[in-house]
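Step one of this worksheet: look at the structure below.
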Amino acid sequence: MTRTDARGTIMIADSDFGDVDIERAIIEGAGFELLAAQCKSEDEVIARGRDAVGVLTQYARVGARAIDAFTRCRVIARYGTGVDIVDVDAATRRGIQVTNAPNDWCAEEVADHAVALWLAAARKICAYDQATRRGEWQWQSGEPIWRLRGRVFGLLSFGSIAQLIAERARAFGVEVWAHDPFLDDAELRARHVRPVSFDELVAGADYLVIQAPLTPGTHHLFDRTTLRGMKPTAVLVNTARGPIVEDAALHQALAEGWIAGAALDDLEEEPAKQRGWRPRNPLFALPNVIVTPHAAYYSEQAVSAVRRIAAEEAVRVLTGQGARSPVNDVSARSSSSD
């Protein structure tokens, strides 16, 4: 029996990094076998990873059905920070450790991207570029544009990435507001940020940046009712997860002038999770929306870091060293099973 047979297989459920060289060096270097898959459904995760001892996943959902079908799995490592694609409760019940990558692996990149999207939308950069390419050389092709200084820059959540966004935005002379139910008002004020309720944020922000996690409470938080409550001159920026904004509602809001513009780093449909995706979303036909392909986290350094983190976490758990970034606590479950 070979060493890899003895230790088992770690499956990469899916990734769009182009190769698995970083992961292979770490995983095979620790004596495990690597299986690289491109699963686009939970059924495919089950079919390919049923007997894997560990699973790395970028977009592929690892839900309760997959977790219950696993025969040997001891760790599910997420390429990234959010773990909404993993049923953490089901994993905990099975004694499976779930890990993620702490925010700092891409915090600077996401903050830069959020500010870039905000400025591009507020200054009508894409509209000007498109008009110029059509032969329209005039400032009027972007009107109206409002001066940034003195306007309200709102943040939904005020975690580590949102704090970096606020630092960058403040240089443009905006007044920074934030709504975060998990932080004390005093903590926001200490950072020169005005704490507000969600309704106040929606009604008062000239620019509203979503940097909240996707949870049952934030899913479709920006629906028709919420978007109706925003200023008609407002710009919505989403550098969090696509499903926080309801695509159909946003399309109506932009088409009918409920808000002035939007800049999105993901869509509700989450194209990266689909096989054979095509750009049929009606939002693409609107001139007042900017869409980037869930790329806010990307830099060469960030991608290398998150790949190393996920692979190293899986190996650490499987070799009894313990996770550096655990999402769940399986110690009680493990103790009760002894």
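Give the lysines whose C-alpha is closer than 17 Å to that of residue 273, dropping any in the same chain fewer than 8 places away, or say none.
40
In degrees between 0 and 90, to the nearest 10, how far off the longest principal axis of the chain does helix 107-122 point, with axes built from Cα atoms?
Helix 107-122 and the main axis of the chain meet at about 30 degrees.
Would you kindly derive the ³J(HN,Hα) couplings of region 185-190 from the backbone phi angles with the Karplus curve 6.51 cos²θ - 1.76 cosθ + 1.60 (θ = phi - 60°), listing them in order in whole Hz, with x for Gly and Pro?
My calculation for region 185-190 gives 4, 4, 5, 5, 4, 5 Hz in order.
Take peptides 107-114, 41-48 and line them up by average Cβ neighbours within 10 Å, highest first, as a rough protection proxy.
107-114, 41-48
Rolling a 1.4 angstrom probe over the protein chains, ignoring ligands and nucleic acids, what is the accessible area of residue 219 in square angstrom, nearest 10?
Surface accessible to solvent at residue 219 totals approximately 90 Å².
Compute the label zone of residue 285 within region 123-144: residues whose backbone N is under 18 Å from the point 7 Å along Cα-to-Cβ.
none
Using only the alpha-carbon atoms, how far is helix 160-170 inclined from the longest principal axis of the chain? Give it as 0 to 90 degrees, nearest 10.
20 degrees
With labels modelled as points extended 7 Å from the Cα through the Cβ direction, what inter-label distance (nm, one decimal) is found for residue 134 paired with residue 256?
2.5 nm
Going by average Cβ neighbours within 10 Å, how do the peptides 190-196, 97-103 rank, with the highest at the top? Before the final figure, lay out each step's value.
Details: 190-196: 16.3, 97-103: 22.1.
Answer by packing, highest mean first, reads 97-103, 190-196.
Among the lysines, which fall within straight-line cross-link reach of residue 231, defined as a Cα-Cα distance under 25 Å, with same-chain neighbours fewer than 8 residues apart omitted?
124
In deg cm²/dmol, rounded to 500, what helix-only [θ] at 222 nm does the chain give when every DSSP H run of at least 4 residues adds -39500 (n - 2.57) and the total is split over its residues?
-10000 deg cm²/dmol
Along the principal axes of its C-alpha atoms, what lengths does the chain span, in descending order and rounded to whole Å?
73, 49, 33
Identify, among 196, 95, 64, the residue whose Cα sits farthest towards the positive end of the charge dipole of the chain, taking +1 on the Cβ of Lys and Arg and -1 on the Cβ of Asp and Glu, with the dipole about the Cα centre.
Checking the options against the dipole of the chain, the answer is 196.
The values are calculated or read from the model by the stated rules, or taken from the named source; none is laboratory data. Just so it is clear, the model here is predicted, and its values are computed rather than measured. Methodologically, a virtual Cβ is constructed for each residue, glycine included, from the backbone with ideal geometry; neighbour enumeration extends over all protein chains shown. Ligands, DNA and RNA are stripped out before the accessible areas are found, and what is left, the full protein with its side chains, is counted by its heavy atoms. Shrake-Rupley method; radii C 1.70, N 1.55, O 1.52, S 1.80 Å.
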